[in-house]
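What follows is calculated from the coordinates using simple rules that are stated; it is not laboratory data. Quantities reported herein were computed from a predicted structural model and do not represent experimental measurements. When we count neighbours, we look across all protein chains shown, and the Cβ atoms used for this are built from the backbone with ideal geometry, even at glycine.
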Amino acid sequence: MKTAAKPLGLYVHIPFCKQKCAYCDFYSLSGNEGLMDDYTDALCAHLTETAPFAAGHTVDTVYFGGGTPSYLGEKRLVQILKTILKKYRVDRHAEITLEANPDSAGDQKALKALRKAGFNRVSLGMQSACDEELREIGRVHTMDQVRAAVEAARKAGFDNLSLDLIYGLPHQTQDRWAANLAAAVDLAPDHLSCYGLKVEEGTPLYTRRDDAGLPGDDEQADMYLYTVDYLRRFGYFQYEISNFARTGRESRHNLKYWTLGEYAGFGPGAHSDFGDVRYAYEKDLAGYIRGVREGTPMLSENDRIPPMDRDTEWLMLGLRTVRGLDPKVFEQRFRRRFSMFLPFLTQCEQAGYAVYEEDRWHLTPKGFLVSNQIIGGMLDVLAEDKRRRTEAAARGDFRVRLD
């Protein structure tokens, strides 16, 4: 009997940006346009070199992220995608996403070339509908360019469009956030990602955080709860802490991250979870190009994780989604009773943070606001169970109850 091919996602990191945003701590660079051709060649060579290891897989999602992938230009992007389509077994219904900034995604001719090549989903970094807020955080586009990019993408044949928004921006009020959200919905996207601003150390915004007029935690929480309610009323269901979609338009690629699906990343800073190994590449553009050409080491992380040791990841990632945790899946996958978590989850339920429905436990919008604490509590329960088992095994007591 022929074994069915396993699904695989590919992530392609494009680290080039026209200008680095004040809040961004992703690996991206401005002023390196001279390396674009060399980097494109390196990516194609690396994809080709890796393809034989994916022979038993079918690629069902491809995601070009960044940085600003659209800044690389459609010819280079098409070259990379053609390499993937030629070297990998790609499902004909695969989701193929391109992240884009509105200032570099308004060319309808370029978008048509990308759509013809196989890209079928665009994720636009709108971030705000207010030009003043956009300037404050170092974005180089305007709201007019957002509208133009959405119109161009639709005319080019993209029927799966996502918008990114950030709440909690400097000097942002609840009314301003509500206006931004309404402006985004007016553009009729199929998917929305709404992230609370996090001021990361090492970013320009971090150095001026005390004088930036940033909304407090309570104000951000109000914005978040408003978002969940508002988007639900307009037909966008929440399926992850920060992500909302019309029915059937969830990001299939990002769902791989939250459900422990396999994905292989390419490019400096890209992460992978492939063949029970988690690995990542050094955040070094020139080093990545050199590593592909000369075969020199490029990895910054490389850890083999046995399937039975993925229980912590399963809990952490599952609690980020609205589908939550299925006790039966936990018991089948990790051979332990889910009942160890019930006292803690019941407390969360009584506080309005979690709910048990349709045979699954998941967090409520209120629970998502304190998800880190809830996840920490679940991991404490798991750690205590492992400690108890280890001590019992050391005593030679192999009759430890499964529950």
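Can I get the semi-axes of the chain's equivalent ellipsoid? Compute them from the C-alpha gyration tensor as square roots of 5 times the eigenvalues, in angstrom, largest first. Before the final figure, lay out the partial values.
Numbers: eigenvalues 245, 170, 84 Å².
Equivalent ellipsoid semi-axes, largest first: 35, 29, 20 Å.
Could you check the spin-label model distance between GLU357 and ALA182? Points 7 Å from the Cα along Cα→Cβ, value in nm.
Going by the 7 Å Cα→Cβ label model, 2.9 nm.
Out of the chymotrypsin sites (Phe, Trp or Tyr not before Pro) in the range 303-403, which ones are loop residues according to DSSP with at most 11 other C-beta atoms within 10 Å? Don't skip to the end; give the middle numbers.
Details: sites: TRP314, PHE330, PHE334, PHE338, PHE341, PHE344, TYR353, TYR356, TRP361, PHE368, PHE398; in loops: TYR353, PHE398.
Qualifying residues, ordered by number: PHE398.
More than 18 angstrom separation, counting every C-alpha pair in the range 3-68; what % is that?
Details: 1054 of 2145 pairs.
Summing the P(r) of the range 3-68 above 18 Å gives 49 percent of all pairs.
Given labels modelled 7 Å from the Cα in the Cβ direction, how far is it in nm from ALA45 to ARG323?
Between ALA45 and ARG323, the label points sit 3.9 nm apart.
Please give the net charge around SER28, taking every other residue with its beta carbon less than 12 angstrom from that of SER28, where Lys and Arg add +1 and Asp and Glu add -1. Could the numbers behind the result be given before it?
Numbers: positive: LYS18, LYS20, LYS283; negative: ASP25, GLU99.
Value of the local net charge: +1.
Non-local amide H neighbours of GLY269 (under 5 Å, H modeled in plane, Pro and chain starts lacking H): which ones?
Long-range HN contacts for GLY269: TYR281, GLU282, LYS283, ASP284.
How far apart, in nm, are two points set 7 Å out from the Cα along the Cα-to-Cβ line at THR247 and at ASP25?
If labels sit at THR247 and ASP25, their model points lie 4.0 nm apart.
Which entries of LYS198/LYS328; LYS198/LYS386; LYS18/LYS109; LYS87/LYS198; LYS116/LYS283; LYS328/LYS386 have Cα-Cα distances beyond 27 Å here?
Details: LYS198/LYS328 35 Å; LYS198/LYS386 33 Å; LYS18/LYS109 21 Å; LYS87/LYS198 39 Å; LYS116/LYS283 32 Å; LYS328/LYS386 19 Å.
With Cα atoms farther than 27 Å apart: LYS198/LYS328; LYS198/LYS386; LYS87/LYS198; LYS116/LYS283.
Using a cut-off of 14 Å between beta-carbons, work out the net charge of the residues near LEU8 (Lys and Arg +1, Asp and Glu -1, LEU8 not included). Mind dumping the intermediate values first?
Details: positive: LYS6, LYS87, ARG89, ARG252, LYS256; negative: ASP60, ASP91, GLU95, GLU262, ASP273, ASP276.
Summing Lys and Arg as +1 and Asp and Glu as -1 gives -1.
Using 0.36 nm per residue of separation minus the Cα-Cα distance, give me the extension gain between PHE237 and GLU132 in nm, one decimal. Don't jump to the answer; show the numbers that get you there.
Numbers: separation 105, 0.36 × 105 = 37.80 nm, distance 2.96 nm.
Difference between extended and current length: 34.8 nm.
Going 7 Å from the Cα of ALA113 in the Cα-to-Cβ direction, what parts of the range 30-54 have a backbone nitrogen less than 15 Å from that spot?
Residues 37 fall inside that zone.
Which stretch or stretches of the range 136-172 have amide N atoms under 19 Å from the point lying 7 Å from ASP229's Cα along the Cα→Cβ direction?
Under 19 Å, as judged by backbone N against the label point of ASP229, lie 167-168 of the range 136-172.
Per 10 Å bin, what is the whole-percent P(r) computed from every C-alpha pair distance within the range 322-394?
19, 50, 25, 6, 0
Which of the listed residues, PRO170, VAL355, CYS44, is farthest toward the dipole's positive end in the chain, when Lys, Arg count +1 and Asp, Glu count -1 at the beta-carbon?
Toward the positive end, the furthest listed residue is CYS44.
How long are the three semi-axes of the equivalent ellipsoid of the range 1-129, in whole Å, if each is the root of 5 times an eigenvalue of the C-alpha gyration tensor, listed from largest down?
Values: eigenvalues 144, 51, 39 Å².
The equivalent ellipsoid of the range 1-129 has semi-axes of 27, 16, 14 Å.
Over the Cα atoms of the range 268-403, each weighted equally, I'd like the Debye log10 I(q)/I(0) at q = 0.10, 0.21 Å⁻¹, rounded to two decimals.
With one equal scatterer per Cα and no solvent, log10 I(q)/I(0) is -0.48, -1.20.
What is the mean projected area of the alpha carbon convex hull for the range 115-209, to one decimal in square nanometres?
Values: hull surface 26.9 nm².
It is 6.7 nm².
Identify which of GLU349, GLU200, GLU391 has the largest mean-square fluctuation in a Gaussian network model of the chain, with springs joining Cα atoms closer than 10 Å.
Result: GLU391 has the largest fluctuation of those listed.
Quick test of your reading: applying the under-4.7 Å Cβ rule, which cysteines of the chain are isolated?
CYS17, CYS44, CYS130, CYS194, CYS348
Less than 15 Å from a label point 7 Å out along the Cα-to-Cβ axis of MET316: which backbone N atoms in the range 353-382 qualify, by residue?
371-382
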